[in-house]
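The values are calculated or read from the model by the stated rules, or taken from the named source; none is laboratory data. Since the structure is predicted, the reported quantities are computational estimates derived from the model, not experimental observations. No Cβ is skipped: glycine too gets one built from the backbone with ideal geometry, and neighbour counts run over all protein chains shown.
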Amino acid sequence: MSTERAYMLVTCKIDPAQAGAFQQYVGTARPLFAAYGGKPAGQYSVASTLVGSADTTHVIVMEFPSADAIRSCLTDPAYVALIPFRSLAFPTLHIAIAADFDPMPLIQAGS
């Protein structure tokens with residue numbers, strides 16, 4: 001079981017025509033994330049895409065106490081019930097878990 005802090009990285013495109021679904025999702029998801037120890041670490045609008053497809057408009061970063069907390073939150077029945085709203089509000093959505101990264105082993109392996 002992971003005990004180090006972890007980050008939920010979200011890249012998405014918001015559908016402005018689905019404002020109701022967006023409000024339903026965000027209004028319920030935020031307190032649920034907080035219940036699992038999640039706190040906002042950054043919210044950004046994508047200014048331009050330099051590499052890859054331009055299918056995302058926003059990036060959200062949330063800090064959690066562990067990767068297990070993120071997994072538990074996203075499989076909580078209350079969150080699962082939000083997936084239909086999430087699918088409407090975000091036609092493009094990618095969620096990843098990131099942890100602190102020490103590049104030294106890679107640098108040393110390349111030496």
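Listed values, structure above:
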| quantity | calculated |
| --- | --- |
| Residue identified as exposed (fewer than 15 other Cβ atoms within 10 Å of the Cβ), within 16 Å of Arg5 (Cα to Cα) and in contact with a helix residue (DSSP H, G or I) (Cβ under 8 Å, 6 or more places away or on another chain) among Ala41, Ala99 | Ala99 |
| Among (1) within 23 Å of Ala21 (Cα to Cα); (2) in contact (Cβ under 8 Å) with a residue 24 or more places away in the chain; (3) out of contact with any Pro (no Cβ under 8 Å at 6 or more places or on another chain); (4) not charged (D, E, K, R), the one test that Met62 misses | (3) |
| Exclusive hit being of a type outside the set (Lys, Arg), over 13 Å from Ile14 (Cβ atoms) and either in contact with a His (Cβ under 7 Å, 6 or more places away or on another chain) or loosely packed, with under 14 Cβ neighbours inside 10 Å (or both), set Leu82, Leu32, Leu50, Leu74 | Leu50 |
| Qualifying residue in the range 30-45 (condition: touching a residue at least 12 places away in the same chain (Cβ under 8 Å), in a helix (DSSP H, G or I) and under 14 Å from the mean Cα position of the chain (by Cα)) | yes |
| Qualifying residue in the range 46-60 (condition: modelled with pLDDT of 95 or more and of a type in the set (Val, Ile, Thr)) | yes |
| Number of the condition not met by Ser66 [criteria: (1) surrounded by fewer than 17 Cβ atoms within 10 Å (Cβ to Cβ); (2) over 18 Å from His94 (Cβ atoms)] | (1) |
| Ile70 being in contact with a strand residue (DSSP E or B) (Cβ under 7 Å, 6 or more places away or on another chain) and either at pLDDT below 95 or assigned to a helix (DSSP H, G or I) (or both) | yes |
